[in-house]
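These notes are about the structure you will find just below.
The values are calculated or read from the model by the stated rules, or taken from the named source; none is laboratory data. In this text the structure is predicted, and so the values were computed from the model without any measurement. We place every Cβ from the backbone using ideal geometry, glycine too, and count neighbours over all the protein chains shown.
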Amino acid sequence: MRTSFTVSKSVPAAASVIAIPVASDGPVPKEVGLTRAQLTAMGFDGRCCTSLPISPAKGSKSARVLIGIGAVKDINESTMRNIGAAAARACAKHGSMATTLAGVSRLNKRAAAKVFVEGAALALHRWVNLKNDKSSLPALTKITLVGDSADAKAGVAEGVAVATAVCTARDHANTPPSHLTATKFAREAVTIAKKSGLKVTVYDKKQLEAMGCGGIVGVNAGSVEPPRVVKLVWAPTGATNKVVLVGKGVMYDSGGISLKPSDASHASMKMDMSGAAAVLGAMSALKALKVKTHVTAYLMCTDNLPSGSAMKLGDVLTFRNGKTAEIHNTDAEGRLILADGLSLGAEGKPDAMVDIATLTGACMGALGKKMAGVLGNNQGVVDQLLASSGRTDELLWQLPLFQDYRALLDSNVADMKNVGGPYGGAITASLFLNEFTNGVPWAHLDIAGPMEADGDNGWLNRGATAFGTRLLIDFVANFKKPVKAPKK
Ligand code: BES
Ligand code: MN
Ligand code: ZN
């Protein structure tokens, strides 16, 4: 992450721009030097996340930009995150910004600073590693929150940890497939784990074969790049709750023998590891956030390619938990690698498991690109994820784990097929995954829709979104043992 944040009692004289909050009602701050009527005449009404550059104050070199904050009583954490993003965008061409914006709401100072930092940092994030012309990078790299307090400082530190996690996950998902192979991604994970106080184990192809992980080995069969499974453990002292996270890390999804068409969306399949990237990002923030939950993560990494050695339609794979599946479509590969990941996760008997995966076009078809689907065998886990969704503004919509459709996966030769036909694809994919949860309370996040943003808007920028990174951090940080009995 390129943006640095500090907290200060007063506006630094060197600030290149000052972002000044203006509400949509009540008096205009005196320092603005303009009346409400004048602002209205200039087309600025203080609505949330609007902005208006004005001239510098007398005797000051700092540029000034008014930032609309709407009605102060309406500002919640999501609004404050949006305000952070709006201020960063409005001031992006200045090198350093100072602002009192994070202090204007009724939110506590810590929470407000945290989400303001998230919004600003994420709005300013770009991935330009492979561009010679870096001019699309915002000039703004230094932000000072004016309003000195221990709470604001703590909030900034938390916001920086979260935003760093998201930016790292976005960078990974934006990286082209031949630049970020499973082997390289696993190396990155080891580096990050060492910095973030995590235990890390990397399993290679031989080990995965020996472990009976026929799903990931099967999906990998067509590739010259070997697979990797990365196990990360956050083990805080005195933890009483245990959670497992599993991320789909398909470094590139060509579809395999069931080859995808070469349309524009095919290039996005470098992002088919967005689930694993979100999990790695989330794990990287747990130490800084002093998370009390014990968290074990599995990043399931391979690409899915066709070749003479690739898995074929009609082949049967045997997974880590001993179950078998007949392959009817090699493009339904995500569930095959998650099957091994969930099996491994369930062996540790955690209180809950969550997997996150760019799993089905069907989920994107149902819910569009602005929200992910959530399905699970335990409403308590799903409810905690929905609560995290509300706090993080990463939108989820629950779909049913409808047991009647399990019959659609029936196979003549194996325990199940890997596809359930043309309808209800997000549900049949989840029913497949449920076969590997071994009764552990579990929920699945299908992020095929929101993995990529088509434009720059608020705290999102065009490209990989790292959807789920903040949601998973919030989930593990607030996790309680689910009380409701698992659904049958
Ligand atoms: N990675 C894709 C799903 C996907 C599609 C993610 C679009 C993001 C955007 C997944 O592996 C896949 O190919 N799913 C198939 C499953 C089908 C063959 C049952 C799909 O959705 O078409
Ligand atoms: Mn696929
Ligand atoms: Zn895929």
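Values computed for the structure shown
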{"item": "Members of region 387-426 found to be away from ligand 3 (no atom under 16 Å from the Cβ), among the β-branched types (Val, Ile, Thr) and surrounded by 15 or more Cβ atoms within 10 Å (Cβ to Cβ), listed by number", "result": "THR392"}
{"item": "Criterion: of a type outside the set (Gly, Ala, Ser), over 21 Å from GLY449 (Cα atoms), touching a residue at least 12 places away in the same chain (Cβ under 8 Å) and in contact with a strand residue (DSSP E or B) (Cβ under 9 Å, 6 or more places away or on another chain) - qualifying residue of GLU435, GLU394, GLU333", "result": "GLU435"}
{"item": "Unmet requirement for ALA63, which otherwise passes all of (1) in contact with a His (Cβ under 8 Å, 6 or more places away or on another chain); (2) closer than 15 Å to VAL117 by Cβ", "result": "(2)"}
{"item": "Breaking point among (1) of a type in the set (A, V, I, L, M, F, W, C); (2) within 16 Å of ligand 3 (Cβ to nearest atom); (3) assigned to a strand (DSSP E or B), for ALA332", "result": "(3)"}
{"item": "Unique match (being surrounded by fewer than 24 Cβ atoms within 10 Å (Cβ to Cβ) and more than 16 Å from ligand 3 (Cβ to nearest atom)) among VAL295, VAL230, VAL224", "result": "VAL224"}
{"item": "Condition broken by TYR252, with the remaining ones in (1) away from ligand 3 (no atom under 12 Å from the Cβ); (2) part of a strand (DSSP E or B) satisfied", "result": "(1)"}
{"item": "Scope region 142-153; condition of a type outside the set (D, E, K, R), modelled with pLDDT of 95 or more and crowded, with 16+ Cβ neighbours inside 10 Å; matching residues", "result": "ILE143, THR144, LEU145, VAL146, ALA152"}
{"item": "Residues of region 334-392 satisfying the condition of being under 19 Å from the mean Cα position of the chain (by Cα), over 18 Å from GLY275 (Cα atoms) and within 16 Å of ligand 1 (Cβ to nearest atom)", "result": "none"}
{"item": "Flag for LEU317 being more than 18 Å from MET451 (Cβ to Cβ), touching a residue at least 12 places away in the same chain (Cβ under 8 Å) and within 13 Å of ligand 2 (Cβ to nearest atom)", "result": "no"}
{"item": "Pair list, Cβ < 8 Å and 6+ apart or interchain, from region 280-300 residues that are under 15 Å from CYS167 (Cα atoms) to residues that are of a type in the set (Phe, Trp, Tyr) and in a strand (DSSP E or B)", "result": "MET283/TRP234"}
{"item": "Every residue from region 254-273 that is surrounded by 19 or more Cβ atoms within 10 Å (Cβ to Cβ) and not hydroxyl-bearing (Ser, Thr, Tyr)", "result": "GLY256, ILE257, MET269, LYS270, MET271, ASP272, MET273"}
{"item": "Boolean, THR358 is closer than 30 Å to GLY458 by Cβ and of a type in the set (Val, Ile, Thr)", "result": "yes"}
{"item": "Qualifying residue in region 294-302 (condition: under 24 Å from SER223 (Cα atoms), at pLDDT 95 or above, part of a loop (DSSP other than H, G, I, E, B) and more than 16 Å from ligand 1 (Cβ to nearest atom))", "result": "no"}
{"item": "Residue match in region 280-290 (condition: within 16 Å of ligand 3 (Cβ to nearest atom) and at negative phi)", "result": "no"}
{"item": "Within region 347-367, tally of residues that are closer than 21 Å to THR437 by Cβ and either within 16 Å of ligand 2 (Cβ to nearest atom) or not in a loop (DSSP other than H, G, I, E, B) (or both)", "result": "12"}
{"item": "Single condition ALA169 does not satisfy, out of (1) within 15 Å of the chain's Cα centre (by Cα); (2) at pLDDT below 95", "result": "(2)"}
{"item": "Pairs with Cβ under 8 Å, 6+ apart, first in region 28-57 and touching a residue at least 12 places away in the same chain (Cβ under 8 Å), second acidic (Asp, Glu)", "result": "LEU39/ASP45; GLY46/ASP25; CYS48/ASP74; ALA57/GLU31"}
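Results for (1) within 16 Å of ligand 1 (Cβ to nearest atom); (2) closer than 19 Å to TRP234 by Cα; (3) modelled with pLDDT of 95 or more, shown as yes or no for each residue.
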residue: SER265; (1), (2), (3): yes, no, no
residue: GLY275; (1), (2), (3): yes, yes, yes
residue: ALA288; (1), (2), (3): no, yes, yes
residue: VAL291; (1), (2), (3): no, yes, yes
